[in-house]
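> Take this structure first; my questions come after.
The values are calculated or read from the model by the stated rules, or taken from the named source; none is laboratory data. Treat the numbers as computed from the prediction; the structure is a model and nothing was measured. Cβ atoms come from the backbone with ideal geometry, glycine included; neighbour counts cover every protein chain shown. With ligands, DNA and RNA removed, areas are computed over all heavy atoms of the protein, side chains included. Shrake-Rupley method; radii C 1.70, N 1.55, O 1.52, S 1.80 Å.
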Amino acid sequence: MAKDEPAGRSPEEQGQRGLGFRRLALRLEALSTQVQRLSRERDVTQLTREDVNLLLQSFRQDQQGLARLVERELKRVSQKLDQLSRHHHHHHKSHTPPPHDDRAHIGPNDCEVPMDSAYPVCAEKVEFLQSRWQSDPCYAFYGVDGSTCSILTYLSQIEDFCPPHLRRNHSELPWHKKPHTYTEKAEIRTSLSQLYEVIGNNSGPAIDFIRSRVDRMSEQWIQAGLRMGHNSNKTVSNQMRVLLYPGALAGTVGQRFEAMVERGGPLGELVQWADLSACLIILGHNITFSTSQHQLHSLIGAAPGRGSCPIQRPLTFDLIYTDYHGLAHLQGAMGLAFQHYQCRFRILDSFGTEPAFNLGSYAHRHGYKTLWGRWGLQPLQYMTMFPHTPDNSFLGFASEEAVRAEVREEELESHRKDRIAIVYGKQDYMWQGKSEYVEVVSEELETHATVFQPPGHTSNLPSFIRNHGLLTQEHFLQLLRRAKVFVGLGFPYEGPAPIEAIALGCIFLQPQFDPPHSSDNNDFYKGKPTTRQISSQHPYAEEFIGKPHVWTVNMTNSTDVREAVKAILSTEVKPFTPREFTCEGMLERVHGYITHQDFCSKSVPVWPPESALRVHLGPLGQSCVSVCRRSSLVCEPALFHHLNSPSAFTRLGLGCSSVGPEINHLFPAYNPWGRHCGLQQEPLLFSCAGSDPSHRRLCPCRAHLPGQVALCPDCI
């Protein structure tokens, strides 16, 4: 992600490379000793020999411009040293504290840097900009010309590191102001025409896929919206202004993704973006869709440059749906405003982000290594493909159903299948080492494939396979309607295709994993922000659907595979779609999130309501995910705060010899040996995931609607 890294990090984000006293001291031993002595006596600065060594190492790595920087900064350090000396002399001469002077003179002009305890880093920020204001054109755009006056104006009126001028309140900063609020209510739409207009400004294979999927499912979406509209129990939400920004389709990453789409690459993310777009339009919200990093800057009002400055105006979107790539793009464009507005972000994250990986300092300290986490968002802001990580919100998608709602029951009885199997795997490498497994299937079923074959390349597939090449989605669905079995090869993991195959009346045959796949033993999951143990290619299909629609077998045991295939041939199934993967189910779920999830509020969550809470004390070594699932419930992280008090332990009959808050993603929890009752000190670490053999976890479980794991009976 070298070229896609967010630009313009602030000084405190740069750690040891930050500019200020610590990086600028090069006056060798004599000067360093004087500053340290005066600092100890005045408690003004803290400069150590170790700091100087670190600074020297940093400068050795950056030779260009070193001489000019040293000369300029030595002069500034000398001036500060003289100031310290004068204050020190005056202090000893008077034997009384000097009268408070709230302004210290800096620079060759008439402006002075305010010394205000409410703005402790003002002077440091001024120093930073005096040497670095030309590093990003955005500073000049906001009027900085290198003078102290222009810098103070910028740091007061655009950023908020220095005291406001003319009694201005910081809520009046241009990017803090609230834009005009719209109180129009969201009403169910009966057309997707607005969506076609919105995505019409974008192009490429990925957008073509999204457009064709929306078009193919439009009637399903409209009918689901009408059914939902007739349900008067739904809370009416305000109309939201929503930005959809799939960062994986933008910039250099987007170019690579687009190329993969045409070669049979992953389409699961595109399925989600298509269905989310349609869902928001039907629910009556106003959306903007963009796959351009350049346009993103314009849409959010970013200042010209590399992203070191805040945006120019209040963010005009109530919600921004993006992904991990888009999150980096937003940080690079928004500067300080990124943190101010991050409560409005929703991150499409197929495999999930557990709280232990989400909080950067905690992840680093406890060895939760990941390429993707550490953003410090509320874990429920991450939205997953399947309901496998209850710490996150389950967004999902809508399956392409074989039959429409108006088809009569007797017509379903005539639904018949050909004696064929389709193998799930569009690229050659997915088939490696699977020939014997597929051959056993082919003994009973005519076996088809849809593997991409580059022009001029000979096929590496077994001779008994009938390969159709890469099919359009329409032709692929036609093939699925004929097929009896959809055969998983073990990869790709957790995609939408098996759910759609089951919805079209196929039986899904998939391999089990023993031992389970995880970041500890599998390259695909290595670096992903999750500790999940994957027991099969598609755990949701295995656990939430199961037989007769899903058969999970030992792929290396030919006898097991052969017996499973024969049993499948004697099994008749109807097309089946869990409610949460229907258009109506997704509309219901997304409506619930938009109406009730508020990550900008400082108060504790009120949704789901406390009435949904079912408290369970887990056995040693079990996560709350497992504890709740054992009782056919689901762990609900938004309810953890009800358990985070000594009274919760008392109600469970636990006698605590000690009670105390700690920063630990397993808490609240009980240690039976020391009878210690641990409370959670960091709300971002409330986690359904995670277990330890020495702790019994307090788990907030709840019931859920039939076929709708994300919602409880009291939630809508």
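> With every protein chain left in place, what is the accessible area per residue of the stretch 328-482 in square angstrom, probe 1.4 Å?
44 Å²
> Calculate, for the stretch 109-171, the solvent-accessible area per residue in square angstrom, rolling a 1.4 angstrom probe over the heavy atoms of the protein chains.
48 Å²
> Considering amide H positions built from the backbone, and no H for Pro or chain starts, which residues 5 or more places from Gly488, or on another chain, come under 5 Å of its amide H?
Long-range HN contacts for Gly488: Tyr424, Leu509, Gln510.
> Separation of the stretch 612-683 and the stretch 183-219 by C-alpha centroid, Å?
44 Å
> Assuming R0 = 25 Å, can you tell me the calculated FRET efficiency for the pair Ser193 and Arg241, based on Cβ-Cβ distance, to the nearest 0.05?
After rounding, the FRET efficiency stands at 0.85.
> Skipping prolines and chain starts, which residues have an amide H placed within reach, meaning under 5 Å, of the one on Gln312, given they are 5 or more residues away or on another chain?
For Gln312, the qualifying residues are Ala302, Ala303.
> Now for a separate question. Please work out the average accessible area per residue across the stretch 609-702, using the 1.4 Å probe convention, and give it in Å².
Per residue, the stretch 609-702 has an accessible area of 41 Å².
> If amide hydrogens are placed 1.01 Å from N in the peptide plane, which non-local residues have theirs closer than 5 Å to the one on Thr384?
Here Asp349, Ser393, Phe394, Leu395, Gly396 satisfy the definition.
> Would you kindly derive the ³J(HN,Hα) couplings of the stretch 661-672 from the backbone phi angles with the Karplus curve 6.51 cos²θ - 1.76 cosθ + 1.60 (θ = phi - 60°), listing them in order in whole Hz, with x for Gly and Pro?
Coupling constants for the stretch 661-672: x, 9, 9, 7, 6, 8, 8, x, 7, 10, 9, x Hz.
> Same structure, new question: Counting only protein heavy atoms and a 1.4 Å probe, tell me what percentage of the stretch 109-171's accessible area is made up of carbon and sulfur.
51 percent
> Now for a separate question. I need the peptides 494-504, 216-226 ranked by packing, meaning the mean over residues of other C-beta atoms within 10 angstrom, with the highest value on top.
Top of the packing list down: 494-504, 216-226.
> Say each of Gln478 and Glu112 gets a label point 7 Å from the Cα, pointing the same way as Cα to Cβ; how far apart are those two points in nm?
8.2 nm
> If contacts are Cα pairs under 8 angstrom and at least 6 residues apart, what is the relative contact order of the stretch 525-677 in percent?
10 percent
> Show me the ranking of peptides 470-481, 444-455, 675-686 by mean Cβ neighbours inside 10 Å, starting with the highest.
Final packing ranking: 675-686, 444-455, 470-481.
> Next question. Express the carbon and sulfur contribution to the solvent-accessible surface of the stretch 609-702 as a percent, rounded to the nearest whole number, probe 1.4 angstrom.
50 percent
> Something else: For the stretch 409-576, what % of the accessible area comes from carbon and sulfur atoms, probe 1.4 Å?
Of all accessible area on the stretch 409-576, carbon and sulfur atoms account for 47 percent.
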